[in-house]
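Here the structure comes first, spelled out in C-alpha cells, and everything after it is commentary.
The values are calculated or read from the model by the stated rules, or taken from the named source; none is laboratory data. Since the model is a prediction, treat every value here as computed from it, not as a measurement. Glycine also receives a Cβ, built like all others from the backbone with ideal geometry; neighbour counts cover every protein chain displayed. Accessible surface is based on the protein model in full, side chains and every heavy atom, while ligands, DNA and RNA are left aside. Shrake-Rupley method; radii C 1.70, N 1.55, O 1.52, S 1.80 Å.
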Amino acid sequence: MSERVLDTFLDLVRIDSPSLSEAAVAAYCESALEQAGCEVRLDDSARITGSDTGNLIATLPAVGSDRTLLLSAHMDCVEPCRGVVPVVEDGLIRPAGETVLGADDKAGVAAIIETVRRLAAHDGPRPALRVILTVAEEIGLSGAKALDPKDVNGDLCLVLDADGVPGGIVIAAPTHYTFVATFKGLASHAGVAPEEGRSAIVMAARAICAMRTGRLDQATTANVGTISGGTATNVVAPTAIVTGECRSLDDAEVEIVRQEMETAMREAAATGRGSVDIAWTREYGSFSMPATGELPDLVAEVCRDIGLVPSTTSSGGGSDANILAGHGVPTLVLSCGMQGLHSTSERMAVSDLLALADLVEAVALRFATQG
C-alpha cells in the first residue's frame with residue numbers, strides 16, 4: 001500500500017494541471033476512483049470557473065454506518081507546474097527542474113484516492129465517503145465557490161491542504177476581503193502649472209499612511225498590496241489604483257477594519273479635492289471549530305494512536321475549507337507534509353505522504369463507529 005500511494009502521487013505530479021487546465025488530472029482521478037468502486041461525476045462548474053473540466057464528485061457507499069465523511073483536495077497547482085519531473089532521493093520527493101513539485105495539493109489528492117481504495121477493500125464498517133476534488137483553488141477558491149450546495153454534505157469534512165507535518169489540525173481560518181480603489185484627480189503640467197492639478201497618487205499615499213496595516217492583533221491583518229498610476233514624470237497624476245485586503249478570524253473585527261480602510265480612502269480623496277471608487281470583494285467567510293470536542297478530539301486521538309503528534313492551530317490564509325464549512329459541514333484542514341509551497345524548492349518527505357494516507361484511513365474507520 002505504501003508503494004501504491006507513492007506511485008499515485010508521482011503519477012499525479014507528472015500531469016500538468018495549472019489552474020483552469022485540470023482536465024487531465026480529473027480524468028486520472030475519475031478512473032482511479034471508479035476502479036475503487038465509487039460513483040463519479042464531474043459537475044457543470046466549468047461554465048462558471050472557465051476551467052476545462054468541472055469539479056469531481058465521487059461517492060463510496062457506507063457499510064454498517066450512518067455517517068458521511070467528506071474528503072476534499074484541489075487538483076490545480078501554481079505555476080511553474082508544467083513538465084514536473086519528480087525525483088525521490090534520501091526519503092524526499094522534489095522536482096528535478098525549475099518547477100514546483102505539486103504536492104500542493106496532489107499530496108492531498110493521492111491520500112484521498114488511497115483512502116478510498118483501502119476503505120473499499122475494508123472488511124467491516126465504513127462511513128459513506130463523499131470526495132470533492134476542486135478546480136481553480138489557487139485563483140480565489142473558484143471551483144469550491146461554484147459547487148452546488150447539494151453536493152456539499154456530510155457529518156465531517158476533512159480538507160487535505162495545509163503545510164506542516166501530518167498531525168497538524170487547522171481549526172479556524174479568517175474572513176477575507178479584498179479591494180480595488182481607483183483615485184481620480186486632475187492632470188496638469190507638473191512644471192508649468194502644478195497648482196492646477198490634483199494628484200491622485202498623493203491622495204492614495206495619504207490614504208495608505210492613514211491605514212492600520214500589518215498584524216493588527218492575533219486574529220486580524222491588513223495589507224496594501226499594489227499601487228499604480230500616473231502618466232508621466234512631468235504630469236500631475238490624474239489616476240491611481242490601489243489594491244489591498246483585510247482578514248480576521250473575528251467577523252466583527254474584520255468589518256471594523258474594512259470600514260476604517262474605506263474611510264481613510266474617502267477622506268484622503270476629499271482632502272485632495274478628488275474622488276475615489278472602491279470595489280470590495282468578500283473572498284470568503286471564516287470558519288472555526290472549538291479546539292476540543294467530538295470531531296477534533298477524534299482526529300487527535302487517531303493521530304496519537306498511529307504515532308503522530310497532534311496539534312491544533314488557526315490559519316491566516318484561506319482554503320476550500322472556508323467555502324465548504326460555509327455550507328454547514330463541520331470542517332477541519334489537515335497538514336499534509338508539503339514544504340516550500342508555491343516555490344521551486346517545494347518538497348515532501350515520503351514518510352509524510354505515507355503517514356497522511358494512514359491518518360485519513362484511520363480517521364475514516366474510527367469515524368464510522370464512534371459517536
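A quick yes/no check of all residues on (1) modelled with pLDDT of 95 or more; (2) out of contact with any Lys or Arg (no Cβ under 6 Å at 6 or more places or on another chain); (3) polar (S, T, N, Q):
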{"site": "Leu308", "(1), (2), (3)": "yes, yes, no"}
{"site": "Thr312", "(1), (2), (3)": "yes, yes, yes"}
{"site": "Gly317", "(1), (2), (3)": "no, yes, no"}
{"site": "Asp320", "(1), (2), (3)": "yes, yes, no"}
{"site": "Leu324", "(1), (2), (3)": "yes, yes, no"}
{"site": "Thr331", "(1), (2), (3)": "yes, yes, yes"}
{"site": "Cys336", "(1), (2), (3)": "yes, yes, no"}
{"site": "His342", "(1), (2), (3)": "no, yes, no"}
- request: For Asp66, indicate whether it is within 21 Å of the chain's Cα centre (by Cα) and part of a loop (DSSP other than H, G, I, E, B).
  value: no
statement: Across (1) assigned to a loop (DSSP other than H, G, I, E, B); (2) within 24 Å of Val360 (Cα to Cα), Thr59 clears everything bar (1)
message: Looking at the stretch 283-297, can you tell me whether even one residue there is under 24 Å from the mean Cα position of the chain (by Cα), over 30 Å from Ala357 (Cα atoms) and open to solvent by 40 Å² or more (accessible area, probe 1.4 Å)?
response: yes
- request: Determine if the stretch 34-56 includes at least one residue that is open to solvent by 10 Å² or more (accessible area, probe 1.4 Å), in contact (Cβ under 8 Å) with a residue 60 or more places away in the chain and in contact with a Pro (Cβ under 7 Å, 6 or more places away or on another chain).
  value: no
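This table checks each residue for (1) farther than 25 Å from Ile132 by Cβ; (2) surrounded by 24 or more Cβ atoms within 10 Å (Cβ to Cβ); (3) out of contact with any Gly (no Cβ under 6 Å at 6 or more places or on another chain).
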residue: Pro166; (1), (2), (3): no, yes, no
residue: Ala172; (1), (2), (3): no, no, yes
residue: His176; (1), (2), (3): no, no, no
residue: Val180; (1), (2), (3): yes, no, yes
residue: Lys184; (1), (2), (3): yes, no, no
residue: Pro194; (1), (2), (3): yes, no, yes
residue: Ala200; (1), (2), (3): yes, yes, no
task: For the stretch 348-371, name all the residues that are in contact with a Gly (Cβ under 6 Å, 6 or more places away or on another chain) and either of a type in the set (D, E, K, R) or open to solvent by 30 Å² or more (accessible area, probe 1.4 Å) (or both).
output: Asp352
statement: Filtering the stretch 232-277 for residues that are crowded, with 17+ Cβ neighbours inside 10 Å and either among the β-branched types (Val, Ile, Thr) or over 30 Å from His327 (Cα atoms) (or both) leaves a count of 15
statement: Per the list (1) open to solvent by less than 10 Å² (accessible area, probe 1.4 Å); (2) under 14 Å from Thr134 (Cβ atoms); (3) polar (S, T, N, Q), residue check on Thr8 breaks on (2)
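Being on the phi < 0 side of the Ramachandran plot and free of Cβ contacts under 8 Å to residues at least 24 places away in the same chain: is that true of Asp104 here?
No.
How many residues does the stretch 176-202 hold that are over 22 Å from Tyr284 (Cβ atoms) and in a strand (DSSP E or B)?
Qualifying residue count for the region: 6.
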- prompt: Quick one: would you say Gly328 is open to solvent by less than 40 Å² (accessible area, probe 1.4 Å) and either of a type in the set (Gly, Ala, Ser) or over 26 Å from His342 (Cβ atoms) (or both)?
  reply: no
task: Among the residues of the stretch 210-267, write down those that are basic (Lys, Arg) and more than 30 Å from Ser314 (Cα to Cα).
output: Arg266
